[in-house]
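Written below as structure tokens is the structure these notes are about.
Derivation of every value follows stated rules applied to the coordinates shown; laboratory data play no part. Keep in mind that this is a model prediction, so the values were computed, not measured. Cβ atoms come from the backbone with ideal geometry, glycine included; neighbour counts cover every protein chain shown.
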């Protein structure tokens, strides 16, 4: 699997800023130890997964215990993740294996955000970017075909849906670009991430290919998930009526998805600096280059 360095990943996000929501007023970026240090200020904690709960297939030590202590204080903790490659049941099983206990309604994914937006609409034949290992699961009610190396499939599809890029290839990307130049069609992207932190670097995610598609074919992808507001709208609905956004904190490891997404949603943000995107790096220079600044910097999730 191809991976990117931090510099390459950051540059990729900066190159597509025109397609992302605008940054809000910069936060104070006040350094604190962990999410428990601001527990009195917030009632709802929205946690990213990669870089906050886990790195690849490894849970970050101490986070599960901190979540339980927050719950014991009456706090609501939800996962807000761009992990669109997993059907919801597999995603829940994954968190369970990692040692986390979440109610299914408290895991809000970009995949669920797309499914919510689709509702009962007739989409025609959907060409899917999806892994054989995870399958289509909760999209089984749609008319779908899994995109591979057959050019005729790209010609047949009425629209394209990006779920997971683990098995995507340059050959498939070229087939899709050619198909969209020949006949423009909608492109729905259920994971806007360009990269995700893994044990050995940053993996390339569906957003990477979606932005390339826009650059090369003229397509205008529609994104579902962070940093776009639709995933936060779904998370707020899961919290119930009367939610006070001033008492909600988004915790993540990325400036361009988690912090920018929190600013888009009108809530506070905390950036993890010990794990994930900026692990071991001087985060100040990245904030200065992007102009995106969180309210808090966390030594640990």
(message) So, R0 is 51 Å and r is the distance between the beta-carbons of residue 170 and residue 246; what FRET efficiency does that work out to, to 0.05?
(response) 0.65
(message) Suppose only helical runs count, i.e. DSSP H with n ≥ 4. What mean residue ellipticity at 222 nm does that imply for the chain under -39500 (n - 2.57) per run, divided by all residues and rounded to the nearest 500 deg cm²/dmol?
(response) -9000 deg cm²/dmol
(request) For region 230-301 and region 89-113, write down the distance between their C-alpha centroids in whole Å. (result) 20
(request) Note the direction-averaged projected area, equal to a quarter of the hull surface, for the Cα convex hull of region 1-102, in nm². (result) 8.8
(request) Any chance you could get the radius of gyration and Dmax over the Cα atoms of the chain, in Å? (result) 18.6, 57
(request) Find the centroid of the Cα atoms in region 122-182 and in region 14-45, then give the distance between the two in whole Å. (result) 34
(message) Just to confirm the number: angle between the C-alpha axis of helix 229-239 and the first principal axis of the chain, 0 to 90 degrees, nearest 10?
(response) 60
(request) Could you please tell me the mean projected area of the C-alpha convex hull for region 191-239, averaged over all directions and given in square nanometres to one decimal? (result) 4.3
(message) Multiplying the sequence separation of residue 138 and residue 105 by 0.36 nm and subtracting their Cα-Cα distance, what value in nm do you get?
(response) 10.4 nm
(request) Multiply the residue separation of residue 71 and residue 150 by 0.36 nm, subtract the distance between their alpha-carbon atoms, and state the gained length in nm to one decimal. (result) 23.5 nm
(request) Neighbouring Cβ atoms within 10 Å as the yardstick, rank 217, 169 fewest first. (result) 169, 217
(message) How large is the translational diffusion coefficient of region 44-201 in µm² per second when you combine the Kirkwood radius over alpha carbon pairs with Stokes-Einstein at 10 °C and 1.306 mPa s?
(response) 93
(message) Taking the number of other C-beta atoms within 10 Å as the exposure measure, put 106, 215 in order starting with the fewest.
(response) 215, 106
(request) Report the label-to-label distance for residue 14 and residue 64 in nanometres (one decimal), using points 7 Å from each Cα along the Cα→Cβ vector. (result) 3.9
(message) How much length would be gained if the chain were fully extended between residue 282 and residue 57, taking 0.36 nm per residue of separation minus their Cα-Cα distance, in nm to one decimal?
(response) 78.5 nm
(message) How large is the convex hull of the C-alpha atoms of region 168-297 per residue, in Å³?
(response) 128
(request) Please determine, in degrees from 0 to 90 and to the nearest 10, the orientation of helix 63-72 with respect to the longest principal axis defined by the Cα atoms of the chain, where the helix direction is its Cα long axis. (result) 60
(request) Taking 7 Å along the Cα-to-C-beta vector as the label spot, tell me the residue 90-residue 123 distance in nanometres, rounded to one decimal. (result) 1.6
(message) For a quick check: sort 256, 121, 88 by the number of other beta carbons within 10 angstrom, fewest at the front.
(response) 121, 88, 256
(message) For the chain, take the longest principal axis of its alpha carbons; what is the angle in degrees between that and the long axis of helix 170-182, to the nearest 10 within 0 to 90?
(response) 70
(message) What's the whole-number percent of alpha carbon pairs in region 121-223 lying beyond 20 angstrom?
(response) 33
